Amino acid sequence: MRYVIVGSGVAGIAAIEAIRSVDTFGEIVMIGDDPHGYYSRPGLAYYLTGELHDKALFPRTADDYRRLNFRYMKGHVAEIQREVQSLLLHDKSLLEYNKLLIAVGAQALPLEVPGTNLEGVLKLDHMEDAKRILKFARRGRTAIVVGGGITALELVEGLLAHRMKVHYLLRGDRYWSNVLDEQESKIVEHRLKEEGVILHHHAEIIEVTGKNGHANGVRLLNGKTLKCDLVAYAIGIRPRTTLVKQAGLAMDRGILVNEYLQTNDPDIYAAGDVAQAYDPLTGRSILDSLWNPARQQGTIAGLNMAGKRSAYIKSAPFNVTRLAGLTTTIIGTVGGGRDKDVVGIARGDSETWRELPDAVIAQTGFDVNRVRVMVGEKTLLGAIVMGDQKLSLPLETLISAQVDISSVRNRLLAPNAKIGDVITEFWTGWKARN
Amino acid sequence: MFQRDSDRHSVLATGQVVPDLERCVQCGICSYNCPIGIDVRAHAWRGEPVKHSQCLTCGECVARCPRGVLRFEQTDLFKKGDE
């Protein structure tokens, strides 16, 4: 029996661990084209800021890999030949498989304007990208960052940490408007301005200009031009589906898989950023580009490949990140507010003076502490916690377990409600009974 | 005010560093900053509290984690009757 895993990210590693938990003898081969192998991709943001050096990003030692007992190949898969259950590799050799897992991840959407092939126009997907950015990041030079969401801010923070002058271009009128509310965007933008970032709103790049093959400026839709030494973009990602398209597997934006992470070919599975997993609760197939869902999917795929039937149960969307230095947790659905299930929105101070059971001590000491809770008919649908994180664990539980909060719903939505206290009190009572 | 502080101190003295597995992205900032050299990251991968006898509960890892993965909690690891 040979299991082959294409991709060296967390979904692939989790799959190997899962296979080994069931099958100690089957041969496992992992083939990846990232020259650095398995490392924490989310951690690249902290490598950029200098909080970590590159060696620290590797969670596994050579001993750990030896214990898992698999063969790792650096290489590129050119074709999947399903009829003969083989992979055609870059060197024209064939690698046979009995069970195959595609876990090749996603990649940054390219900036589609003239001039992006100039040197100094950079994205952040892999470690090589991070190293390239660090090569260009020089004190006193000017950087332009374009994009919304988390990665764009990671680029901003990383370049600031290297004392560059940073211009951040936003297409809309505020940062991450489809997730944050006006107040939250304002908080983030204010902190960015304090750090010295020059913000531009309603700014869209139409051309990157250059000299001697190197980027030296951008031209905006409104006619403005800005001089710079590098342009970093993070305008979204897309699953790496080229390999699979050619093999004729069912696809949408990603590779379609059922709740066992199986494609329409029973011996081929997909997991991680490249997979579009079926959620039996909603009946929809969703793309996820988060580390933990990728790990969970890899685990479930591995178990199924090794014969232990397991279903992937998607939990409520959940992400923690750092926005301009503020730890921010986003749970469930928080954007829009035009969602007809939302009965009301409760906003308030996320710091609470009430004691939590077990005297939990979480991160505190932020100067901003905000919570926004999307309140449904009987349950909480989503929440954002910015700053003090004490409330994020209770909210996480209440939202993903879809706990009935009818008894406190009106108190939560009352004007000037002490949200922190209401939630803490409710959660303490609920925990005692469950 | 004092009650709250003394509660905090007793948790820090008798508590453990507990990870929330779902939040961790294995970046390694925790392990990198541990003055004892404990592989806190590996604990976070397994969702296990840091039961290391040398953990000082200094709080470096808890404070520095960019994703709020770690917290102090009084667990039942050292309850009476355990060795």
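Within the group A:22, A:4, A:104, which residue is modelled with pLDDT of 95 or more, out of contact with any strand residue (DSSP E or B) (no Cβ under 7 Å at 6 or more places or on another chain) and either buried (at least 23 other Cβ atoms within 10 Å of the Cβ) or hydrophobic (A, V, I, L, M, F, W, C) (or both)?
Result: A:22 is the single residue among A:22, A:4, A:104 that is modelled with pLDDT of 95 or more, out of contact with any strand residue (DSSP E or B) (no Cβ under 7 Å at 6 or more places or on another chain) and either buried (at least 23 other Cβ atoms within 10 Å of the Cβ) or hydrophobic (A, V, I, L, M, F, W, C) (or both).
If residue A:272 satisfies every condition in (1) small (Gly, Ala, Ser); (2) on the phi < 0 side of the Ramachandran plot; (3) within 14 Å of chain B (Cβ to nearest Cβ) but one, which is the exception?
Looking at each condition in turn, residue A:272 falls short on (2).
Let me spell it out: the conditions are (1) aromatic (Phe, Trp, Tyr); (2) touching an Asp or Glu at 6+ places or on another chain (Cβ under 7 Å); (3) free of Cβ contacts under 8 Å to residues at least 12 places away in the same chain, and residue A:47 meets all of them except one. Which number is the exception?
In the conditions (1) aromatic (Phe, Trp, Tyr); (2) touching an Asp or Glu at 6+ places or on another chain (Cβ under 7 Å); (3) free of Cβ contacts under 8 Å to residues at least 12 places away in the same chain, residue A:47 misses (3) alone.
Answer yes or no as to whether residue A:334 is touching a residue at least 12 places away in the same chain (Cβ under 8 Å), crowded, with 18+ Cβ neighbours inside 10 Å, closer than 30 Å to residue A:418 by Cβ and away from chain B (no Cβ under 14 Å).
On the way: touching a residue at least 12 places away in the same chain (Cβ under 8 Å): yes; crowded, with 18+ Cβ neighbours inside 10 Å: yes; closer than 30 Å to residue A:418 by Cβ: yes; away from chain B (no Cβ under 14 Å): yes.
Against the criterion (touching a residue at least 12 places away in the same chain (Cβ under 8 Å), crowded, with 18+ Cβ neighbours inside 10 Å, closer than 30 Å to residue A:418 by Cβ and away from chain B (no Cβ under 14 Å)), residue A:334 qualifies.
Among the numbered conditions (1) within 7 Å of chain A (Cβ to nearest Cβ); (2) at pLDDT 90 or above, tell me where residue B:68 comes up short.
(2)
When residues of region A:300-349 are filtered for being modelled with pLDDT under 85 and aliphatic (A, V, I, L, M), how many remain?
Of the residues in region A:300-349, 6 are modelled with pLDDT under 85 and aliphatic (A, V, I, L, M).
Quick one: which of A:243, A:226, A:249 is over 22 Å from the mean Cα position of the chain (by Cα), at negative phi and part of a strand (DSSP E or B)?
Values: A:243 fails: part of a strand (DSSP E or B); A:249 fails: part of a strand (DSSP E or B).
That would be A:226, the only listed residue that is over 22 Å from the mean Cα position of the chain (by Cα), at negative phi and part of a strand (DSSP E or B).
Would you confirm, using the coordinates I've provided, whether residue A:56 is under 24 Å from residue B:46 (Cβ atoms), away from chain B (no Cβ under 14 Å) and within 27 Å of the chain's Cα centre (by Cα)?
Here the answer is no, as residue A:56 does not meet what is asked.
Select from region A:229-240 the residues that are in a loop (DSSP other than H, G, I, E, B) and in contact with a Ser or Thr (Cβ under 7 Å, 6 or more places away or on another chain) and write down the one among them that is nearest to residue A:155 (Cα to Cα). Outline the logic, then answer.
So in region A:229-240, the residues in a loop (DSSP other than H, G, I, E, B) come out as A:229, A:234-236, A:240.
Next cut, in contact with a Ser or Thr (Cβ under 7 Å, 6 or more places away or on another chain) only: A:229, A:234.
Details: A:229: 15, A:234: 8 Å.
Looking at the filtered set, the residue picked out is A:234.
Return the residues of region A:299-337 that are out of contact with any Lys or Arg (no Cβ under 9 Å at 6 or more places or on another chain) and of a type in the set (D, E, K, R); say none if nothing qualifies.
Those that are out of contact with any Lys or Arg (no Cβ under 9 Å at 6 or more places or on another chain) and of a type in the set (D, E, K, R): A:308, A:309, A:314.
Within region A:66-75, is there a residue that is at negative phi, within 14 Å of chain B (Cβ to nearest Cβ) and either among the hydroxyl-bearing types (Ser, Thr, Tyr) or surrounded by fewer than 21 Cβ atoms within 10 Å (Cβ to Cβ) (or both)?
yes
Could you please find all residues in region A:251-299 being at pLDDT below 95 and basic (Lys, Arg)?
A:253, A:284
Scan region A:164-174 and tell me whether some residue there is more than 20 Å from residue A:44 (Cα to Cα), of a type in the set (A, V, I, L, M, F, W, C) and part of a loop (DSSP other than H, G, I, E, B).
Kept after step one, since they are more than 20 Å from residue A:44 (Cα to Cα), are these residues of region A:164-174: A:165, A:167, A:169-174.
From what is left, the residues that are of a type in the set (A, V, I, L, M, F, W, C) are A:169-170.
If we keep only those that are part of a loop (DSSP other than H, G, I, E, B) too, we end up with A:170.
Checked region A:164-174: at least one residue is more than 20 Å from residue A:44 (Cα to Cα), of a type in the set (A, V, I, L, M, F, W, C) and part of a loop (DSSP other than H, G, I, E, B).
Checking residue A:67 against (1) part of a loop (DSSP other than H, G, I, E, B); (2) within 22 Å of residue A:307 (Cα to Cα); (3) not aliphatic (A, V, I, L, M): exactly one of these is not met. Which one?
(1)
The values are calculated or read from the model by the stated rules, or taken from the named source; none is laboratory data. These figures come from a predicted structure and were not determined experimentally. Ideal geometry is used to build each Cβ from the backbone, glycine not excepted, and the neighbour counts take in all protein chains shown.
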